[in-house]
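Computed from the coordinates by the stated procedures, all read-outs in this text should not be read as laboratory data. None of the values given here were measured: they were computed from a predicted structure. Here the Cβ positions follow ideal geometry from the backbone for every residue, glycine too, while neighbour counts run over all protein chains shown.
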Amino acid sequence: MKIMANRMDRGFFRYQKEFEDKALEVLRSGWYVLGNEVKNFEEEFAAYTGGGYCVGLASGLDALWIAFRVLGIGPGDEVIVQGNTYIASVMGITMNGATPVFVEPDEYFNIDTAKIEEKITERTKAILVVHLYGQASKMDTVAELAEKYNLRLVEDCAQSHGACFQGRMTGTFGDVGCFSFYPSKNIGAFGDGGAVVVKDKKLAEDFRIFRNYGSEKRYYNKLVGANSRLDELQAGLLRIRLKHVRECEEERCRIAKRYLDEVKNPKLKLPQVRAGATAVWHQFVIRSSVREELISYLNEREIGTIIHYPIPPHLSEAYGYLGCQKGAFPITERYADEVLSLPMYNGMTDEEQTFVIEALNQF
Ligand SMILES: *Cc1c(COP(=O)(O)O)cnc(C)c1O
């Protein structure tokens, strides 16, 4: 049995008719950018996250960099972020000329909140929290620190649609919640897409203006903005994803629970969920000190896995200019050497998962 790390086709075919009908409806409407689908999606997504305003954008990276831009964070400013993240989190900071200040992760792969305070300087302007792999970070402590030091709080929710901390959804704790709808995310478009969720009406307006060349009214440009619009087709298709999001979340939780209950091998360290937090299992990430051996063993059995992520941003070629040395962030680097994402997708069958679990237990 060949098992891939992800199967986006399964998530499409389950709701095929609805997606196809919506696609035709949008194509036939004659209106393709900033219309009713985007407006409705923004309202529905804001309601899903628990209130506030949603502004649709072209990608998750755009949500991040435009967030820092709109918040006025730029050259000379420092933003605190965890070291073990997808590089887009860091690019959202540096695209504005601001400097990322890395903090080590905790045992849940989220920012270690006990290590934030020592990194705060007079230049610190914001904390960027990444709810990595779909698990909510320890937001009570982060929110307290942001308040105490008068810092902006931005959340990277590209992997955490629906994950909560103490009952409140990620993306609603800080000034801006940044979402991606890249096809492989838990709420995935059929192309690129992103959004921000904000509580402040004026801030939402700033995003609306910025995404459309800095104009509120056509051809009257108030500022130098960007073209970062979620299109009608993606918004329409995302509305269908949103309609079924709960059942998809529940399915991922059931798959995760089986892995947690049934994988028993001392060579593998399973993920844990923090008290007070929920996980939506964007990835199911295990750790192993014999990862390379494990990957080739699974490959022989045609079981696909992915490493999220093999090179931490501070050691990537792109961020060589920051001058970080290997060994600067030992926990981040150890995770990069040990993490492995098991197959996890909507539509994974019991039979497929049994095959993976048995292989893991025999390793
Ligand atoms: C996917 C992802 C992004 C970027 O989203 P895009 O839509 O691909 O631009 C940012 N941060 C994290 C943590 C991600 O997983």
Other residues with Cβ under 13 Å from the Cβ of ILE331 give, with Lys and Arg +1 and Asp and Glu -1, a net charge of -4
Each label sits 7 Å from Cα toward the beta-carbon; between LYS267 and MET1 the label points are separated, in nm, by 2.1
Mind checking which aspartates and glutamates have their Cα closer than 18 Å to the Cα of LYS39? Skip sequence neighbours fewer than 8 apart in that chain.
GLU25, ASP192, ASP200, GLU205, ASP206, GLU216, ASP231, GLU232
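If you place +1 on the Cβ of every Lys and Arg, -1 on the Cβ of every Asp and Glu, and leave all else neutral, what size is the dipole of region 245-362 about its Cα centre, to the nearest 20 Debye? Provide the component values of the computation, followed by the final result.
On the way: 14 positive and 18 negative charges, 110 e Å.
Approximately 520 debye in magnitude.
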Which of rounded, prolate, oblate describes the chain, given a ≥ b ≥ c as roots of the alpha-carbon gyration tensor eigenvalues and a/c under 1.5 marking rounded, otherwise prolate only if a/b is larger than b/c?
oblate
Using the Cβ atoms and a cut-off under 10 Å, what net charge is assigned to the surroundings of GLY52, where Lys and Arg are +1 and Asp and Glu are -1?
+1
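With each run of n ≥ 4 DSSP H residues scored as -39500 (n - 2.57), what mean residue ellipticity at 222 nm is computed for the chain after dividing by its residue count and rounding to the nearest 500 deg cm²/dmol?
On the way: 12 runs with 135 residues, N = 363.
That calculation yields -11500 deg cm²/dmol at 222 nm.
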To the nearest 20 Debye, how big is the dipole of the chain about its Cα centre, given +1 on the beta carbon of each Lys and Arg and -1 on that of each Asp and Glu?
560
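So for each of 189-202, 50-63 I average, over its residues, the number of other beta carbons within 10 Å; can you give me the resulting order with the highest mean first? Spell out each step's value before the answer.
Working: 189-202: 20.5, 50-63: 23.6.
So the order, starting with the most tightly packed, is 50-63, 189-202.
Restricting to DSSP loop positions (anything but H, G, I, E, B) with no more than 12 other Cβ atoms inside 10 Å of their own Cβ, which GluC sites (Glu not before Pro) remain in region 109-185? Show your work: numbers first, answer last.
Working: sites: GLU117, GLU118, GLU122, GLU144, GLU147, GLU155; in loops: GLU122.
Taking region 109-185 and a limit of 12 other Cβ atoms within 10 Å, the loop GluC sites (Glu not before Pro) found are GLU122.
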Over 32 Å (Cα to Cα) - which of LYS125/LYS222; LYS138/LYS217; LYS201/LYS326 fall in this group
LYS138/LYS217; LYS201/LYS326
When only DSSP loop residues count, what trypsin sites (Lys or Arg not before Pro) in region 243-294 have their Cβ near at most 15 other Cβ atoms within 10 Å?
LYS264, LYS267
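Is the C-alpha gyration tensor of region 245-362 telling us rounded, prolate or oblate? Criteria: a/c under 1.5 is rounded; beyond that, a/b larger than b/c is prolate, otherwise oblate. Please list the in-between numbers first.
Numbers: a/c = 2.09, a/b = 1.53, b/c = 1.37.
Prolate.
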